Every structure is written in structure tokens, then in C-alpha cells.
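These notes are about the structure you will find just below.
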Amino acid sequence: MKSVSIKYSDLKYNVGKIVCVGKNYKEHAEELGGTLPEFPLIFLKPPSAIIFSGEKVIHPSFTENLHYEAELVLLIGEDVSKADLETSEKAIIGYTIGLDMTARDVQFDLSKKGNPWTISKCFDTSAILTDFVLKKNYQLTLDEKIILKVNGEIKQNCELNKMVFKPAQIVQYISGIMALEKGDLIYTGTPAGVGRVVKGDKIEAEVTSIARLNTEIV
């Protein structure tokens with residue numbers, strides 16, 4: 001079982017499920033050729049996909065177009081089901097930066113055929129994380145930025161307030177469909193600027209004032 005650590009603490013949380021939100025930034029939806037959704041578009045990643053900052057992403061043999069997606073990640077601290085907005089906010093106990101690695105060519109090909117694109121998102125090493133910051137130690141303002149660099153060059157740079165659905169709204173929506181449990185993680189979507197990486201590329205990503213991570217494609 002994978003677990004995540006908390007900054008400035010010995011606390012660890014065993015990860016249950018990872019729920020991810022797609023197309024949660026207008027410019028990213030547009031760069032993928034889509035429109036903004038009316039409600040959060042969600043998919044799952046398995047905890048087995050998790051690696052941590054400093055570990056390496058293994059480039060899958062089945063894709064020629066591996067993409068990075070930097071995202072704010074939420075840590076759920078209590079079980080919630082069909083929560084209202086206030087309860088949803090309280091259920092979020094921590095934040096960090098995460099990478100959702102995506103086999104983009106596989107995703108597009110399967111989507112065109114009307115098939116599930118699970119394999120494009122769920123392969124080993126496709127979810128990169130670092131330590132979480134507890135809400136009691138840092139109050140999110142949404143003025144923070146997601147910044148991602150590949151080999152030192154900035155590729156993504158966007159304020160969290162550009163999210164279409166904000167963190168509590170996302171929790172509320174998901175909890176209305178499936179129960180969220182202590183230790184579950186939510187990837188809240190990536191801004192524009194996603195792109196291809198190849199073996200040897202080095203990635204640095206951060207949510208300003210909260211957390212940073214780094215990895216390399218091998």
C-alpha cells in the first residue's frame with residue numbers, strides 16, 4: 001500500500017483511490033481541442049502508479065507521445081458522501097503538487113474509437129507526488145501558481161484561480177457520485193502548456209508557496 005507524507009510532521013496517510021479531474025482550465029481544454037465541461041470530468045488512477053519526487057518516470061513502451069500535466073493535489077482527511085460545500089471544504093486537509101503523466105497518443109486514439117482510455121493514464125510511475133502541506137499550516141488562496149519546467153524551460157505557468165471548478169466544488173461533486181475516504185487523493189486538473197517529454201528530460205514542478213517536485217524520464 002502506498003502512503004503519502006506530511007511536511008513538518010511524522011504523519012502518513014495510506015492512499016485509497018486517486019480521483020483526477022480533466023479539462024478544469026479553459027486554455028487547457030482549448031489546447032486539447034475540446035470545450036469546457038458543465039461538470040467536473042473525472043477518471044481514476046491506481047495507487048500503484050504513485051512515485052515520489054526524486055524518483056524516475058519510466059517511459060511506457062506503448063506510447064510515442066508521453067505528456068506531463070502539473071496539478072494541485074488535494075488530500076482527503078475524513079470520509080464524506082453526498083457532502084455539501086461546507087463539509088467538502090472541511091474534508092480537504094492538505095495540498096501538494098502532482099504530475100499526471102499521460103500517454104496522449106493512446107488517449108486520443110482510444111477516444112476516437114469510443115473506447116475507455118484507462119491505459120493512457122494508469123501505467124506505473126504515472127502519478128508523481130511530494131509531501132503534503134496541511135491546511136492548518138497553510139491556507140490556500142488560489143493566487144498560488146502552478147509552474148512546470150522541462151530541462152529548465154518554463155512550460156506551464158498559471159494561477160490556481162483559473163480553475164473552472166474550485167477544490168470544494170470538486171469534492172462536493174465527487175462525493176455525490178462515490179464516497180471519498182480518508183487518504184484519498186484528488187488531482188484537480190492541469191493548466192495549458194502540456195507537452196511531450198522523452199527519455200532524459202528533467203521535470204521540475206511546483207505550486208508556489210506549497211510544494212515542489214522533480215523527476216526524470218528514463
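The values are calculated or read from the model by the stated rules, or taken from the named source; none is laboratory data. All values reported here derive from a predicted model rather than from experimental measurement. Ideal geometry is used to build each Cβ from the backbone, glycine not excepted, and the neighbour counts take in all protein chains shown.
The requirement of being modelled with pLDDT under 95 and exposed (fewer than 14 other Cβ atoms within 10 Å of the Cβ) is fulfilled nowhere in the stretch 63-77; no residue meets it. Of the set (1) among the β-branched types (Val, Ile, Thr); (2) in contact (Cβ under 8 Å) with a residue 24 or more places away in the chain; (3) more than 22 Å from residue 105 (Cα to Cα); (4) assigned to a loop (DSSP other than H, G, I, E, B), all apply to residue 190 but (3). Scanning the stretch 1-16 for residues that are surrounded by fewer than 19 Cβ atoms within 10 Å (Cβ to Cβ) and charged (D, E, K, R) yields 7, 10, 12. Every test in (1) among the aromatic types (Phe, Trp, Tyr); (2) modelled with pLDDT under 95; (3) in a strand (DSSP E or B) is passed by residue 95 save one, and that test is (2). Just one of (1) touching a Phe, Trp or Tyr at 6+ places or on another chain (Cβ under 7 Å); (2) farther than 22 Å from residue 101 by Cα fails for residue 177. It is (1). In the stretch 8-19, how many residues are modelled with pLDDT of 95 or more and farther than 22 Å from residue 48 by Cβ? Residues that pass the stated criteria total 0.
So for the stretch 36-46 (the condition being within 24 Å of residue 160 (Cα to Cα), outside any strand (DSSP E or B) and of a type in the set (Lys, Arg)), does at least one residue qualify? Within the stretch 36-46 (the criterion being within 24 Å of residue 160 (Cα to Cα), outside any strand (DSSP E or B) and of a type in the set (Lys, Arg)), the answer is no, since none of the residues qualifies. The single condition from (1) modelled with pLDDT under 95; (2) under 19 Å from residue 194 (Cβ atoms) that residue 38 fails is (2). For beta carbons closer than 6 Å, sequence separation of 6+ or different chains, a first residue in the stretch 150-178 that is surrounded by 21 or more Cβ atoms within 10 Å (Cβ to Cβ) and a second that is in a helix (DSSP H, G or I), the qualifying pairs are 171/88; 171/91; 172/85; 172/88.
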